[in-house]
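Below is one structure; the comments refer to it alone.
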Amino acid sequence: MAARDIHGVGAPWKDGFRIIGSAHRKIDGLAKATGQAVYADDIVLPGMLHVKFLRSPHAHAKLRAIDTSKAEALEGVLGVVVGSEMPIKYGVIPWTPDENALAVDKVRFIGDEVAAVAAVDEDTANAAIRLIEVDYEPLQALLDPNEALVTPEPQIHEQDAAARAKKHRGNVSKHVALSFGDVEAGFAAADAIVEGDYAFHGTTHTPIEPHCAVAQYSPDGVLTVWSSTQITHYVQRALARVLELPESRIRVIQPCLGGAFGGKSDPFALEFVVAKLAMKTGRPVKCLWTREEVFYAHRGRHPMQMHYRTGATKDGRVTAVDAKILIDGGSYSSFGLVTTYYSGQLLTGPYDFPTYRFDSTRVFTNKPPCGPKRGHGSVQPRFAFEVQFDQLATKLGIDPIEIRRKNFQGESTQTVNGQRITSNGFATCLDEVERASRWKERHGQLPYGRGLGVAGSMYISGTNYPVYPNDLPQAGIQIKVDRSGLVTVFTGGNDIGQGSNSVARYIVAEELGLDPSDVRVVAADTDLCPVDLGAYSSRVTFMVGNATIDACRKLRKQIVQAVAADWKIEPERVHMGLGEVFDRDERSRCISTRAAFHLAEARFDTLGATGAYNTPELGGDYRGGTIGASPAYSFTAHVVEADVDVETGRITVQDCWIAHDCGRALNPMLVAGQIEGSAYMGIAEALMENHELNRFGLHAGPSLLDYRIPTSVDTPELHALIVESLDPEGPYGAKEAGEGPLHPSIPAIANAVFDAVGIWLTHLPFTPANVLAALAAKDADIAAVRAPKGAALSPRG
């Protein structure tokens, strides 16, 4: 198992590769750095109108009437749209279509979209919005998930007969209860059991770029939508459904994207509205949401209340894990069906659980809808379990890294819930963070107020199951070869900043012996590119990468055959090097790659190839067994060093060592960037972020002035340690690196705080007030227990 510190590497390992495994510039790096990159809001079309939304001031209310006449009469207003004009419901998950482009019968949170206006400029549109009159009938708002769980009426979403037949009652969005093995027997065999409650708060994505969409409806009836989305294919499908147009008449294009982190993986109201208003007015239409509106759109991390119980033998081997989880889903389903499964299904690695049970319930509340945020569905349970794992280690007197080693599940195995594990570099990840942090010398030995904490995790490299059922490829690639020597790759994959377009370039350059500058990538355009399902679940490198290799090897076979025939040698002797093709046995026989393309075109006609990838059948043989199943899993271990100021309660993370098993680092600099960005986001969620609403359901501070995220001054030293396990099914052995590295940072901070001052932080966020409360509780507990005369208390408690 190979490992390397990205900051300490001279020449990266080559392993026989020319491009793969080395640091290269991102394909869009110069354009972004020089301001030439075109984002959705940069698009300006002749005669373009601007859209503004009217949003609900109520957390829950019926819509009795909407009067738009005054808005329509305002000079400069060319179009108004309300929900009754788009009554068909949609949802990114086809089994839970509960959203309308604009509210039809009721509003379900403060900020829910009610109507929209298209005008000659934003000021006119805003003035028109204020002229729309809405008659609301306020309803009881359910803001606490515990209250929503036991309050059947009013229903936030009225359920139909089919839902009632399935015994979904009241405000339950989804319930999943699964058990694997004899859990009670596992607890009976345990020498030690730890049980406790944990809470994860709501957080949001805060991408630099707000949501933006532009639409144009051509005279021949083709609708084109440019959107800052990470799921062009699903947006196309949703538009076709709601607008009742054939998919063939809808083109969706993703321009450059200024960050997403999962927050742009739903279809959103602005995409439907700009499309509808473009059709109504015959003019191009743009909508750019304000930062406040992005907070209302949300789709961020689900708050979860979690109760965990874990048993182990005296030598530290886990015997049973039991979890009960309440999930606050907000006002709509979004990815919530999957979230509910992920909250339990993705905990069964990197440790071996002989028995396991989880019971997860997602409820609707009258809050902005939750959805997928980086590490979707599994960051919250991972926090709870990794803290409880340390509590168990403390109870047993076992080093926290050692208890994780004892329970390492290994590679080429299967989890208790039927997930197939291929490569697994977690043990090496533990070794790396232990070495780099000098854990053995320093854990438990640092001055009072400073501590080290460890945590681990695993995450999926794409999902086994597409969002909507089909037998078609999950990723497709087309390659066009030009006589000039230029190769163009067409991919439906969404590059949201993670570098997936760059990966396509690197792979084509590697396979066809090209300089990367001779490879261009056309991406995320539904008219030009083959279907790809989008940038979610860390699927793009694995799936698009494999599809790209598939296409390249078909093309390379033709090129090699043409050259071999021209030289009258066996194809095995033909090698495609960097910009040249030569005879392995007679090195002086050599032509340019461009000349080789000409030979192949003369022999086979116009050169091009397609490639595709679909996952093998995976998952357990039970309902929901495919949800969480992945062709490969990444593994991560973190060690965090943190200071706790016992006077102020402030936690300062000094260093974070992140060892991540990414299979193979196709570009180690991009991998390091993903590792460090993930850890940064996790630390931010632990110490600063809080998507908080007041008692009326109004966001406490929907701006980047009030919603705190770390600046460069607040960010600790981040040490990316790349572990390469070479997965047998990944492209060149690669696995994901964009979401998995987030998970351990949060529990590692909690565990470092215990090492520093002897308190367990089990409820997020770790604000100074919460830290001071925990310290006060600890002092009260010590005072309540009289120590024997002459005994001394440890300063760590």
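Structure above, values below:
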| quantity | calculated |
| --- | --- |
| Filter result (surrounded by 17 or more Cβ atoms within 10 Å (Cβ to Cβ), of a type outside the set (A, V, I, L, M, F, W, C) and in contact with an Asp or Glu (Cβ under 7 Å, 6 or more places away or on another chain)) within region 525-564 | S538, T541, R556 |
| Check on G545, closer than 30 Å to S378 by Cβ and in contact with a His (Cβ under 7 Å, 6 or more places away or on another chain) | no |
| Output for region 449-464, where each listed residue is closer than 19 Å to D643 by Cα and in contact with a Gly (Cβ under 9 Å, 6 or more places away or on another chain) | G451, L452 |
| Of all residues in region 46-58 being out of contact with any Asp or Glu (no Cβ under 9 Å at 6 or more places or on another chain) and buried (at least 16 other Cβ atoms within 10 Å of the Cβ), the one that is nearest to G330 (Cα to Cα) | P57 |
| Matching residues, region 649-675, being within 18 Å of S500 (Cα to Cα) and either assigned to a strand (DSSP E or B) or out of contact with any Gly (no Cβ under 6 Å at 6 or more places or on another chain) (or both) | C662, A665, L666, N667, P668, M669, V671, A672, G673, I675 |
| Pick from region 492-524, criterion assigned to a loop (DSSP other than H, G, I, E, B) and more than 25 Å from G740 (Cα to Cα), ranking: most open to solvent (accessible area, probe 1.4 Å) | D515 |
| Matching residues, region 484-498, being among the small types (G, A, S) and at pLDDT 95 or above | S484, G485, G492, G493 |
| Answer from E72, E99, E113 - the residue that is open to solvent by 60 Å² or more (accessible area, probe 1.4 Å) and among the charged types (D, E, K, R) | E72 |
| Elements of type strands (runs of 3 or more DSSP E) in region 439-491, at least 3 residues being farther than 30 Å from L578 by Cα, open to solvent by less than 10 Å² (accessible area, probe 1.4 Å) and not aliphatic (A, V, I, L, M) | 450-460 |
| Filter result for R291 (open to solvent by 10 Å² or more (accessible area, probe 1.4 Å), within 19 Å of the chain's Cα centre (by Cα) and either within 26 Å of R695 (Cα to Cα) or of a type in the set (V, I, T) (or both)) | no |
| Entirely in region 279-361, the strands (runs of 3 or more DSSP E) that have 1 or more residues that are touching a Phe, Trp or Tyr at 6+ places or on another chain (Cβ under 6 Å) | 304-312, 318-328 |
| Check on R374, under 22 Å from H660 (Cα atoms) and open to solvent by 10 Å² or more (accessible area, probe 1.4 Å) | yes |
| Boolean, D645 is in contact with a strand residue (DSSP E or B) (Cβ under 6 Å, 6 or more places away or on another chain) and surrounded by fewer than 24 Cβ atoms within 10 Å (Cβ to Cβ) | no |
| Cβ pairs under 8 Å, 6+ apart, first in region 405-420 and within 20 Å of E386 (Cα to Cα) and open to solvent by 50 Å² or more (accessible area, probe 1.4 Å), second of a type in the set (D, E, K, R) and not in a strand (DSSP E or B) | K406/D315; K406/R317; F408/D352 |
| Count - residues of region 304-344 that are at positive phi and within 23 Å of the chain's Cα centre (by Cα) | 2 |
| Any pair with Cβ under 6 angstrom, 6 or more apart, that starts in region 481-498 at a residue that is more than 20 Å from D527 (Cβ to Cβ) and without any contact (Cβ under 8 Å) to a residue 40 or more places away in the chain and ends at one that is open to solvent by 30 Å² or more (accessible area, probe 1.4 Å) and not in a loop (DSSP other than H, G, I, E, B) | L486/D518 |
| In region 222-241, the residues that are open to solvent by less than 10 Å² (accessible area, probe 1.4 Å), closer than 16 Å to C287 by Cβ and not small (G, A, S) | L223, V225, T229, V235, L239 |
| Out of V38, V80, sole residue that is aliphatic (A, V, I, L, M) and open to solvent by 30 Å² or more (accessible area, probe 1.4 Å) | V38 |
| Enumeration of residues in region 377-398 that are within 23 Å of the chain's Cα centre (by Cα) and either open to solvent by 10 Å² or more (accessible area, probe 1.4 Å) or not hydroxyl-bearing (S, T, Y) (or both) | G377, V379, Q380, P381, R382, F383, A384, F385, E386, V387 |
| Residue pairs meeting the criteria (Cβ under 7 Å; at least 6 apart or on separate chains; first at positive phi, in region 174-186; second modelled with pLDDT of 95 or more) | G181/P354; G181/T355; G181/Y356; G181/V416 |
| Count of residues meeting criterion [open to solvent by less than 50 Å² (accessible area, probe 1.4 Å), of a type in the set (A, V, I, L, M, F, W, C) and not in a strand (DSSP E or B)] in region 186-221 | 2 |
| Qualifying positions in region 345-375 - among the hydrophobic types (A, V, I, L, M, F, W, C) and over 16 Å from the mean Cα position of the chain (by Cα) | L347, F353, F358, V363, F364 |
| Complete set of residues in region 382-414 that are basic (K, R) and within 18 Å of L346 (Cβ to Cβ) | R382, R404 |
| Qualifying positions in region 242-257 - outside any strand (DSSP E or B) and either open to solvent by less than 80 Å² (accessible area, probe 1.4 Å) or closer than 14 Å to D527 by Cα (or both) | V242, L243, L245, P246, E247, S248, R249, Q254, P255, L257 |
| Subset of region 348-371 (residues that are surrounded by fewer than 24 Cβ atoms within 10 Å (Cβ to Cβ), out of contact with any helix residue (DSSP H, G or I) (no Cβ under 6 Å at 6 or more places or on another chain) and under 30 Å from D98 (Cα atoms)) | D359, T361 |
| Among residues of region 661-693, those that are farther than 26 Å from G202 by Cβ and either buried (at least 19 other Cβ atoms within 10 Å of the Cβ) or in contact with a strand residue (DSSP E or B) (Cβ under 6 Å, 6 or more places away or on another chain) (or both), counted | 12 |
| Lone unmet requirement of (1) within 30 Å of D112 (Cβ to Cβ); (2) more than 20 Å from the chain's Cα centre (by Cα); (3) open to solvent by less than 40 Å² (accessible area, probe 1.4 Å); (4) among the hydrophobic types (A, V, I, L, M, F, W, C) for L698 | (3) |
| For S712: the one exception among (1) open to solvent by less than 10 Å² (accessible area, probe 1.4 Å); (2) free of Cβ contacts under 8 Å to residues at least 40 places away in the same chain; (3) not acidic (D, E) | (1) |
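The values are calculated or read from the model by the stated rules, or taken from the named source; none is laboratory data. Note that the structure is a prediction, hence the values are computed from the model and not measured. Virtual Cβ from ideal backbone geometry, glycine too; neighbours counted across all protein chains shown. Just the protein is used for accessible areas: all its heavy atoms, side chains included, with ligands, DNA and RNA removed. Shrake-Rupley method; radii C 1.70, N 1.55, O 1.52, S 1.80 Å.
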